[in-house]
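Visitor: Take this structure, written in structure tokens, and hold onto it; I'll ask about it next.
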Amino acid sequence: MRIDLHTHSTASDGTDSPAELVRAARTEGLDVVALTDHDTTGGWAEAVAALPTGLTLLRGAELSCVSLSPTGSRVTLHLLAYLFDPTEAAFVAEQRRLRGSRLDRGRQIVERLAADGYPVDWDAVRELAGDGSVGRPHIARLLVRVGVVSSVGEAFERILHPSSPYYVAKQDTEVLTAVRMVRAAGGVPVFAHPLARHRGRVVSDEVIAEMAAAGLAGLEVDHPDQAPADRAQLRGLAAELGLVMTGSSDYHGVNKAVRLGAQRTDPAAYEAIVARASGLAPVVG
Ligand code: AMP
Ligand code: FE
Ligand code: FE
Ligand code: ZN
């Protein structure tokens with residue numbers, strides 16, 4: 001079984017539509033794919049409708065979270081959530097709030113860039129994002145289009161990284177609250193790329209232990225942005241805390257070089273995730 005539990009479509013910052021994504025997943029020989037757009041379930045219906053025979057779809061999302069230390073420092077992090085009930089009121093409201101925050105901060109980033117002479121405007125970003133959850137990759141694509149940079153990656157390295165003067169933070173959900181919210185909606189929370197260090201600061205083992213105590217089910221160990229030594233550390237931590245280990249591509253279409261199925265999850269880990277869910281079942285194509 002070839003299983004990839006972390007992908008993005010045009011419902012957030014990927015470049016394949018949900019229908020294109022599930023078709024591509026089958027073409028790449030996957031048996032199971034999870035659709036995990038940032039802070040939205042907006043791509044689910046199209047993915048279900050287009051699901052090819054032989055492919056199983058796990059409906060999920062990737063939640064934007066923050067860990068606040070007692071000293072006041074903030075570390076942003078991403079929480080994958082699988083098979084939660086998409087009608088659970090508190091959870092729906094929180095995702096809507098976050099998508100609103102993405103709009104506000106996206107506009108602020110674009111205003112800062114424009115004030116400094118970059119040829120960008122908010123309408124063009126909105127057009128690139130369509131109905132999707134807006135993120136920095138949409139601003140990055142506009143910067144490529146107007147010739148300021150030659151790739152999305154370069155836009156992040158030079159202009160959109162967290163310590164840039166143009167960066168504005170979103171109003172992310174406190175991570176222990178998010179873990180509890182996913183569980184309350186019958187979903188299964190897995191910490192996405194916990195040690196993807198080039199994206200900024202990462203949380204300590206103590207924070208991961210607190211997340212586990214709050215109901216975290218797993219850690220994403222095999223991910224393109226995690227070094228071998230960090231994966232080894234995560235394997236140790238998962239064993240110690242009784243967490244499931246996953247592996248996934250974090251596919252974003254042409255926004256990133258990685259292919260669907262480039263990293264994969266063991267069938268036993270996948271079965272453990274499905275067994276813990278009480279919100280939804282996988283959709284079998
Ligand atoms: P945002 O959610 O708006 O804060 O933007 C974060 C998203 O940007 C991540 O989900 C990735 O898809 C993308 N991203 C972050 N760093 C890079 C990078 N170096 N190159 C390409 N995409 C990136
Ligand atoms: Fe993304
Ligand atoms: Fe992520
Ligand atoms: Zn992701």
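Visitor: Every residue in the range 244-256 that is buried (at least 22 other Cβ atoms within 10 Å of the Cβ) and either within 13 Å of the chain's Cα centre (by Cα) or aliphatic (A, V, I, L, M) (or both), please.
Guide: Answer for the range 244-256, where residues must be buried (at least 22 other Cβ atoms within 10 Å of the Cβ) and either within 13 Å of the chain's Cα centre (by Cα) or aliphatic (A, V, I, L, M) (or both): Val244, Ser248, Ser249, Asp250, Tyr251.
Visitor: Tell me which residues, restricted to the range 216-232, are farther than 30 Å from Ser150 by Cα and either crowded, with 16+ Cβ neighbours inside 10 Å or within 16 Å of ligand 2 (Cβ to nearest atom) (or both).
Guide: Leu216, Ala217, Gly218, Leu219, Glu220, Val221, Asp230, Arg231
Visitor: Among the helices (runs of 4 or more DSSP H) confined wholly to the range 196-285, which include 1 or more residues that are touching a residue at least 60 places away in the same chain (Cβ under 8 Å) and assigned by TED's automatic domain parsing to the domain that holds Gly60?
Guide: Per the criteria, 205-214, 267-276.
Visitor: Can I ask one more? Filter the range 195-210 down to the residues that are crowded, with 18+ Cβ neighbours inside 10 Å and within 16 Å of ligand 2 (Cβ to nearest atom) and list them by number.
Guide: Within the range 195-210, just Ala196 meets the criteria.
Visitor: Take the residues of the range 15-39 that are touching a helix residue (DSSP H, G or I) at 6+ places or on another chain (Cβ under 7 Å) and within 12 Å of ligand 4 (Cβ to nearest atom): which is farthest from Val221 (Cα to Cα)?
Guide: Only one residue tops the list, namely Asp39.
Visitor: Here's something else I'd like to know. Take Arg105 and decide whether it is under 27 Å from Val202 (Cα atoms), away from ligand 3 (no atom under 16 Å from the Cβ), surrounded by 17 or more Cβ atoms within 10 Å (Cβ to Cβ) and charged (D, E, K, R).
Guide: For Arg105, the condition - under 27 Å from Val202 (Cα atoms), away from ligand 3 (no atom under 16 Å from the Cβ), surrounded by 17 or more Cβ atoms within 10 Å (Cβ to Cβ) and charged (D, E, K, R) - is met.
Visitor: Conditions: (1) crowded, with 19+ Cβ neighbours inside 10 Å; (2) under 22 Å from Gly279 (Cβ atoms); (3) more than 16 Å from ligand 1 (Cβ to nearest atom). Asp85 meets all but one. Number of the miss?
Guide: The number of the failed condition is (1).
Visitor: Sort out which residues of the range 40-73 are in a loop (DSSP other than H, G, I, E, B), in contact with a strand residue (DSSP E or B) (Cβ under 8 Å, 6 or more places away or on another chain) and away from ligand 4 (no atom under 16 Å from the Cβ), and write them in order of number.
Guide: Selection gives Leu51, Leu55, Ser69.
Visitor: With (1) in a strand (DSSP E or B); (2) of a type outside the set (Phe, Trp, Tyr); (3) in contact with a Leu (Cβ under 9 Å, 6 or more places away or on another chain) as the list, and Leu77 as the residue in question, which single condition is left unmet?
Guide: With respect to (1) in a strand (DSSP E or B); (2) of a type outside the set (Phe, Trp, Tyr); (3) in contact with a Leu (Cβ under 9 Å, 6 or more places away or on another chain), Leu77 is out only on (3).
The rows are residues; the columns are (1) assigned by TED's automatic domain parsing to the domain that holds Leu216; (2) within 16 Å of ligand 3 (Cβ to nearest atom); (3) among the polar types (S, T, N, Q).
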| position | (1), (2), (3) |
| --- | --- |
| Ala90 | yes, no, no |
| Asp123 | no, no, no |
| Ala129 | no, no, no |
| Pro137 | no, yes, no |
| Ala140 | no, yes, no |
| Arg145 | no, no, no |
| Glu154 | no, no, no |
| Glu174 | yes, no, no |
| Thr177 | yes, no, yes |
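Visitor: List every residue pair whose Cβ atoms sit under 9 Å apart, with the two residues 6 or more apart in sequence or on different chains, where the first one lies in the range 54-73 and is modelled with pLDDT under 95 and the second, anywhere, is surrounded by fewer than 17 Cβ atoms within 10 Å (Cβ to Cβ) and not aliphatic (A, V, I, L, M).
Guide: Leu68/Arg74; Leu68/Glu174; Ser69/Ser204; Ser73/Arg201
The values are calculated or read from the model by the stated rules, or taken from the named source; none is laboratory data. All values reported here derive from a predicted model rather than from experimental measurement. As a convention, Cβ positions derive from the backbone with ideal geometry for all residues, glycine included, and neighbour counts pool all protein chains shown.
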